[in-house]
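The values are calculated or read from the model by the stated rules, or taken from the named source; none is laboratory data. What you are looking at is a predicted structure, and each value in this text was computed from that prediction instead of being measured. Ideal geometry is used to build each Cβ from the backbone, glycine not excepted, and the neighbour counts take in all protein chains shown. Just the protein is used for accessible areas: all its heavy atoms, side chains included, with ligands, DNA and RNA removed. Shrake-Rupley method; radii C 1.70, N 1.55, O 1.52, S 1.80 Å.
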Amino acid sequence: MRKNNYEFDFQPAKWLPVCDPEVLDYVRNIKREDMEYTNENGYSVRVVLDPTLMLVLDVFHRIYLSDRDDTHLTMVFPNQWPAAYQAIAEMINRNNVSCRNVDAFAMDEWADEDGNVAPLTYGAGLGYSFRNHFYGKIRPDLRPDVEHWHVFTNENKGTGVYSSIIEEAGGGGADVVYTATGWP
């Protein structure tokens, strides 16, 4: 039986921040179980092939618990993830889960060359997607006031301003931050 595993030797692109073949070989050979851990503060790192399902389940579960236990929940979300956001909204709607205790924050937003943040009317905007594909898909009787679904604007883009809003809403910070890497 023929094995499909074979070597493919190549030199990394010169513009990459790390090009040392020994470092790259070391990183390629790290086992998944060595990348997963829980630190002393209870923060856990897991590696999954497709994080979408995990994100949807975790977000829904946390919102459900905040409704059931009547506790405040502050969440920070990556953009843009319309399908995941619509799935969460659908689960909220089907299960009649109130988001009354939720403060949700979009992680980032596009800006022009002068630092002007894309308006919420910009269809390719991250705030537009966050508000329309997530908040806007939650039934009106289950969603909080729109002031609890935060996005970057020209008014809150100053150094530390958005972070201060998160700290204030969360009583010291966010309860959970979901993050993702962009195309770079």
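Scanning the range 78-95 for residues that are in contact with a helix residue (DSSP H, G or I) (Cβ under 7 Å, 6 or more places away or on another chain) and either touching a residue at least 60 places away in the same chain (Cβ under 8 Å) or of a type in the set (A, V, I, L, M) (or both) turns up Ala84, Ala87, Ile88, Ala89, Met91, Ile92.
Of all residues in the range 114-131, those that are closer than 25 Å to Ile88 by Cβ and touching a residue at least 12 places away in the same chain (Cβ under 8 Å) have Cβ atoms under 6 Å from Cβ atoms of residues that are part of a helix (DSSP H, G or I) and open to solvent by less than 60 Å² (accessible area, probe 1.4 Å), 6 or more apart or on another chain, in Leu120/Gly127; Ser129/Pro82. Scanning the range 153-168 finds one or more residues that are touching a helix residue (DSSP H, G or I) at 6+ places or on another chain (Cβ under 9 Å), modelled with pLDDT under 95 and not acidic (Asp, Glu).
Listed by first and then second residue, the pairs with beta-carbon distance under 6 Å, at least 6 apart or on different chains, first residue in the range 96-107 and touching a residue at least 24 places away in the same chain (Cβ under 8 Å), second hydroxyl-bearing (Ser, Thr, Tyr), are Val97/Tyr64; Asn101/Ser66; Asp103/Thr74. Note on the range 1-69: enclosed helices (runs of 4 or more DSSP H) holding 2 or more residues that are under 30 Å from Asn93 (Cα atoms) and open to solvent by 80 Å² or more (accessible area, probe 1.4 Å) are 51-68.
Which one of the conditions (1) at pLDDT below 90; (2) charged (D, E, K, R); (3) over 27 Å from Tyr43 (Cβ atoms) does Glu113 fail to meet, given that it meets all the rest? Here Glu113 clears every test but (1). With respect to the conditions (1) within 19 Å of Val151 (Cα to Cα); (2) open to solvent by 80 Å² or more (accessible area, probe 1.4 Å); (3) at pLDDT below 90, Pro78 falls short on a single one, namely (2). Is the range 88-103 home to any residue that is part of a loop (DSSP other than H, G, I, E, B), of a type in the set (Asp, Glu) and open to solvent by less than 70 Å² (accessible area, probe 1.4 Å)? The answer is no, given that none of the residues of the range 88-103 is part of a loop (DSSP other than H, G, I, E, B), of a type in the set (Asp, Glu) and open to solvent by less than 70 Å² (accessible area, probe 1.4 Å). Do we find a residue being among the polar types (S, T, N, Q), over 14 Å from the mean Cα position of the chain (by Cα) and closer than 21 Å to Asn132 by Cα anywhere in the range 9-24? Checked the range 9-24: no residue is among the polar types (S, T, N, Q), over 14 Å from the mean Cα position of the chain (by Cα) and closer than 21 Å to Asn132 by Cα. Taking the criterion of being surrounded by fewer than 17 Cβ atoms within 10 Å (Cβ to Cβ), within 16 Å of the chain's Cα centre (by Cα) and not in a helix (DSSP H, G or I), the only residue of the range 129-174 that qualifies is Gly173.
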